[in-house]
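Undergrad: Quick one: the structure is below, and I'll ask about it shortly.
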Amino acid sequence: MALKLSVIGTGYLGATHAACMASLGFDVVGIDVDESKISQLKLGKVPFFEPELEPLLAEQIASGRLTFTTDFSAIADCDVHFICVGTPQMKDGLAADISYVNASLDAVAKIVKSGALVVGKSTVPVGTAMRLREKLLSINPAADLAWNPEFLREGFAVEDTLHPSRLVVGVMSDSAENILKEVYAANLAEGTPWVRSDLPTAELVKVAANSFLATKISFINAMAEICDASGADVTVLAQAIGYDPRIGNKFLQAGIGFGGGCLPKDIRAFMARAGELGATESLEFLREIDSINNRSRNKVVEMAKRELGGSCEGKRVAVLGAAFKPNSDDIRDSPALYIASQLKVAGADVVVHDPKAIENSKKKYPELSYVDSVDELLAGADLVLHLTEWKQYREIDPVHAKSLAHGAIIIDGRNALDMNAWSSAGWRIHAVGRTSR
Ligand code: UDX
């Protein structure tokens, strides 16, 4: 008989994991304490934008394999329980708030059946899994706990869940590994690399990977600063170093830096945990990675102020993009909205467009103005900022855009626009790490 799974926490990670596991033929119960989220999911509605997820979810609900509940007793007969709750940054420090993970373990420990496996997928400070396992076993010695970090990218969540680059399983027993092999049989059959480790290594793999990615982005942004100072071109530099297979050409897009719900908070939580472990020095470099990242945003704020002649008062600034990256409506720690709100504070009339993230932006930044069309956005703009590289922004005709705008100055914060096309159309275009045209 196929295993019955529960997925605790139905955010980006959990909702996607639940729908994908159901699509592989498992019976899955998604559970969350948030009643409104669960009632939307029950109707087949995803409470955030993630390409491909909504049709998959609706299909799996219709199949009868996927259900949602807020009642923990409904998952008591499950064989595997995935903990997929969030671990946001603490309000008063760098560390991760793991209270939702702790609460999930407490709730599941009360109902877990003998022989069942609890599997953590949330990103946690190293050492958490061992502590949770001891707690679980003190309540039910016949259950077990494993750690199986998730590497999905927003915007590609379904693809990354169904076809991950690797599967990392931190386990304390062969039986736990065997259960996970049954869960991921389809991936094993298609040759996905399988890495078995102990619990702390599995926890660390996730934060180490995100730290490496953040480092790569801040590295290229530091190079952009040197290019700006020396008249070189960071996009050509990135292309040239990227041909070296040891370096690789991914994650070398210089611009306003990384945001979102993972990279910024994960590197901060990792530093905080290193401090607790007496290893502050080992991750001291991440402090620099974080400050290069913050500097990348602020550099565009300063550039915008200069282009507006030093005073933002009464100037209309048109912002293309609000989400922290394209194909997402996630605005957590969005570099675009940080820049927009700083210019608003400086007195500019800031107008924002985004294909998907306007509703979320309005809630968090009600002081900014929002429009539904790019033409409306550009009309009368003194300065245009390209801050999230949605495909539709690369398709803007610079000649038409010039006929709408008041000033013809654009800053490409993502190095994604065709500088020659914009400058030929009469725009002054600035991009990070490249000579302005
Ligand atoms: C990231 C990790 O990639 C994923 O493996 C992990 O599970 C969660 O965190 P995500 O937050 O969805 O995923 O976004 P990602 O695609 O990694 O981008 C992060 C940020 O870096 C975005 O703001 C993006 O705009 C920025 N970025 C990315 C750059 O500035 N330059 C680049 O070259 C690449």
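Undergrad: Hey, can you tell me all the residues within segment 299-355 that are farther than 24 Å from ASP228 by Cα, acidic (Asp, Glu) and either assigned to a helix (DSSP H, G or I) or within 15 Å of the ligand (Cβ to nearest atom) (or both)?
TA: ASP329, ASP330, ASP333, ASP354
Undergrad: Now a separate question. State which residue pairs qualify: first residue farther than 18 Å from LYS206 by Cα and inside segment 250-270, second residue within 6 Å of the ligand (Cβ to nearest atom) and among the β-branched types (Val, Ile, Thr) in any location, beta carbons under 7 Å apart, and separation of 6 or more residues or different chains.
TA: GLY257/ILE217
Undergrad: Just checking, does segment 346-360 include any residue being over 25 Å from the mean Cα position of the chain (by Cα), modelled with pLDDT of 95 or more and open to solvent by 30 Å² or more (accessible area, probe 1.4 Å)?
TA: yes
Undergrad: Still on this model: Of LEU24, LEU43, which residue is in contact (Cβ under 8 Å) with a residue 40 or more places away in the chain and not β-branched (Val, Ile, Thr)?
TA: Exactly one of LEU24, LEU43 is in contact (Cβ under 8 Å) with a residue 40 or more places away in the chain and not β-branched (Val, Ile, Thr), namely LEU24.
Undergrad: Still on this model: Looking at VAL158 and the list (1) within 14 Å of the ligand (Cβ to nearest atom); (2) surrounded by fewer than 17 Cβ atoms within 10 Å (Cβ to Cβ); (3) among the β-branched types (Val, Ile, Thr), which single condition is not satisfied?
TA: (2)
Undergrad: Return the total of residues in segment 1-35 being part of a loop (DSSP other than H, G, I, E, B) and among the polar types (S, T, N, Q).
TA: 1
Undergrad: Here's another thing I want to ask about it. What single numbered condition from (1) touching a residue at least 40 places away in the same chain (Cβ under 8 Å); (2) within 11 Å of the ligand (Cβ to nearest atom); (3) open to solvent by 30 Å² or more (accessible area, probe 1.4 Å) fails to hold for SER296?
TA: Here SER296 meets the rest and fails (3).
Undergrad: Could you say which residue among ALA214, ALA202 is open to solvent by less than 20 Å² (accessible area, probe 1.4 Å), modelled with pLDDT of 95 or more, within 12 Å of the ligand (Cβ to nearest atom) and small (Gly, Ala, Ser)?
TA: Working: ALA202 fails: within 12 Å of the ligand (Cβ to nearest atom).
The conditions single out ALA214.
Undergrad: So which residues in segment 328-340 are out of contact with any Phe, Trp or Tyr (no Cβ under 8 Å at 6 or more places or on another chain) and either surrounded by fewer than 24 Cβ atoms within 10 Å (Cβ to Cβ) or in the same structural domain as GLY86 (by TED's automatic domain parsing) (or both), if there are any at all? Give the steps one after another, and end with the answer.
TA: Keep residues of segment 328-340 that are out of contact with any Phe, Trp or Tyr (no Cβ under 8 Å at 6 or more places or on another chain), which gives 338-339.
Hit for segment 328-340 is TYR338, nothing else.
Undergrad: Now, a different point. What number goes with the only condition from (1) away from the ligand (no atom under 13 Å from the Cβ); (2) without any contact (Cβ under 8 Å) to a residue 24 or more places away in the chain; (3) under 15 Å from ASN415 (Cα atoms) that ALA229 does not pass?
TA: Among (1) away from the ligand (no atom under 13 Å from the Cβ); (2) without any contact (Cβ under 8 Å) to a residue 24 or more places away in the chain; (3) under 15 Å from ASN415 (Cα atoms), the lone unmet condition for ALA229 is (3).
Undergrad: Just to be sure before I move on: is ARG414 under 29 Å from PHE219 (Cβ atoms) and buried (at least 23 other Cβ atoms within 10 Å of the Cβ) in the structure I sent?
TA: yes
Undergrad: Evaluate segment 112-127: report whether one residue or more is under 21 Å from PHE48 (Cβ atoms), more than 16 Å from the ligand (Cβ to nearest atom) and crowded, with 17+ Cβ neighbours inside 10 Å.
TA: Checking segment 112-127: not a single residue is under 21 Å from PHE48 (Cβ atoms), more than 16 Å from the ligand (Cβ to nearest atom) and crowded, with 17+ Cβ neighbours inside 10 Å.
Undergrad: Using beta carbons and a limit of 6 Å, which pairs, at least six apart or on different chains, have the first residue in segment 402-428 and under 18 Å from ALA322 (Cβ atoms) and the second one assigned to a loop (DSSP other than H, G, I, E, B) and of a type outside the set (Ser, Thr, Tyr)?
TA: Once the first residue is under 18 Å from ALA322 (Cβ atoms) and sits in segment 402-428, its partners that are assigned to a loop (DSSP other than H, G, I, E, B) and of a type outside the set (Ser, Thr, Tyr) give ILE410/TRP427; GLY413/GLY255; GLY413/ILE256; GLY413/LEU387; ARG414/GLY255; ARG414/GLU389; ALA416/GLU389.
Undergrad: Quick check, is GLU182 among the acidic types (Asp, Glu), within 28 Å of ALA269 (Cα to Cα) and at pLDDT 95 or above?
TA: Numbers: among the acidic types (Asp, Glu): yes; within 28 Å of ALA269 (Cα to Cα): no; at pLDDT 95 or above: yes.
No, not satisfied.
Undergrad: Being closer than 21 Å to LYS299 by Cα, part of a loop (DSSP other than H, G, I, E, B) and of a type in the set (D, E, K, R) is the requirement here; does GLU367 meet it?
TA: no
Undergrad: Here is a further query. Select the helices (runs of 4 or more DSSP H) contained entirely in segment 182-275, then report the ones holding at least 2 residues which are under 29 Å from SER361 (Cα atoms).
TA: Counting at least 2 such residues, we get 199-230.
Undergrad: Also: Inspect all residues belonging to segment 100-108 and state whether any of them is under 28 Å from VAL207 (Cβ atoms), in contact with a Phe, Trp or Tyr (Cβ under 9 Å, 6 or more places away or on another chain) and surrounded by fewer than 19 Cβ atoms within 10 Å (Cβ to Cβ).
TA: yes
Undergrad: Sticking with this structure for a sec: Name the residue that is nearest to SER373 (Cα to Cα), counting only residues in segment 306-332 that are touching a helix residue (DSSP H, G or I) at 6+ places or on another chain (Cβ under 7 Å) and without any contact (Cβ under 8 Å) to a residue 40 or more places away in the chain.
TA: ILE331
Undergrad: Within segment 249-272, which residues are over 17 Å from GLU288 (Cα atoms) and open to solvent by 30 Å² or more (accessible area, probe 1.4 Å)?
TA: Matches in segment 249-272: ASN249, LYS250, PHE251, GLN253, CYS262.
The values are calculated or read from the model by the stated rules, or taken from the named source; none is laboratory data. Keep in mind that what you see is a predicted model, and the values were worked out from it rather than measured. As a convention, Cβ positions derive from the backbone with ideal geometry for all residues, glycine included, and neighbour counts pool all protein chains shown. For accessibility, only protein heavy atoms count, side chains too; no ligands or nucleic acids. Shrake-Rupley method; radii C 1.70, N 1.55, O 1.52, S 1.80 Å.
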